[in-house]
Amino acid sequence: MPYLRSLFVLLTLFSHAVFAQDATLGKEKYQDCVSCHSIKPGENLLGPSLFGVYGRKAGAVEGYRYSNALKKSGITWNEDSLNRYIADPQGLIPGGRMPYSGMPDAQGRKALIAYLMTLQ
Ligand code: HEC
């Protein structure tokens with residue numbers, strides 16, 4: 001079934017292209033975070049480094065002093081929790097101390113999370 005195979009290849013290429021596009025928009029959206037968060041491993045600014053944040057437990061960066069609220073949240077950073085935190089940090093972690101009021105744009109959050117996923 002050569003047709004099916006090339007269709008599959010095309011679809012795969014297409015989904016990679018969409019993902020890459022998302023990550024490019026996501027990098028732009030990251031400008032909201034860049035003043036407080038480095039993407040270099042171990043480089044903590046006002047906020048902890050976001051290198052490898054996707055899939056990590058909240059409050060796990062060595063040497064960074066988190067709020068108790070964040071440390072005790074029991075959250076793992078995945079698409080759902082990141083989406084909620086970026087939309088409304090205080091809503092997801094009341095008493096947390098990320099001084100960011102939230103990104104209302106759902107498309108922007110999705111793209112930003114796609115970008116964060118590449119930081120591994
Ligand atoms: C004005 C500074 C500031 C800005 C802007 C900011 N953050 Fe933060 N961020 C912090 C601080 C401080 C913490 C630690 C919060 C705590 O301990 O409760 C934090 C924590 C986090 C965490 C938890 C990390 C972990 O290791 O558990 C994530 C994820 C995060 N920020 C993502 C973002 C994203 C994405 C943006 C941009 C949309 C952003 N932040 C914008 C200061 C900031």
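Assuming a viscosity of 0.890 mPa s and a temperature of 25 °C, what translational diffusion coefficient in µm² per second does Stokes-Einstein assign to the stretch 2-117, Rh being the Kirkwood radius over Cα pairs? List each step's numbers first, then the result.
On the way: Rh = 15.3 Å.
It comes out at roughly 160 µm²/s.
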Calculate, for LYS40 and PHE8, the FRET efficiency according to 1/(1 + (r/R0)^6) with r their C-beta to C-beta distance and R0 35 Å; round to the nearest 0.05.
0.40
Among 51-63, 106-118, how do they line up from the highest to the lowest mean number of other beta-carbon atoms within 10 Å?
106-118, 51-63
Over the chain, calculate the relative contact order: mean separation of alpha carbon pairs under 8 Å at least 6 apart, over the residue count, as a percent.
31
Loop-resident trypsin sites (Lys or Arg not before Pro) in the stretch 62-96 with no more than 15 other Cβ atoms inside 10 Å, DSSP not H/G/I/E/B, are ARG65, LYS72
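Every number in this text was worked out from the coordinates using simple rules, so none of it is lab data. Because the structure is a prediction, the values reported are computed rather than measured. Neighbour counts are summed over all protein chains in view; Cβ atoms, including those assigned to glycine, are modelled from backbone coordinates with ideal geometry.
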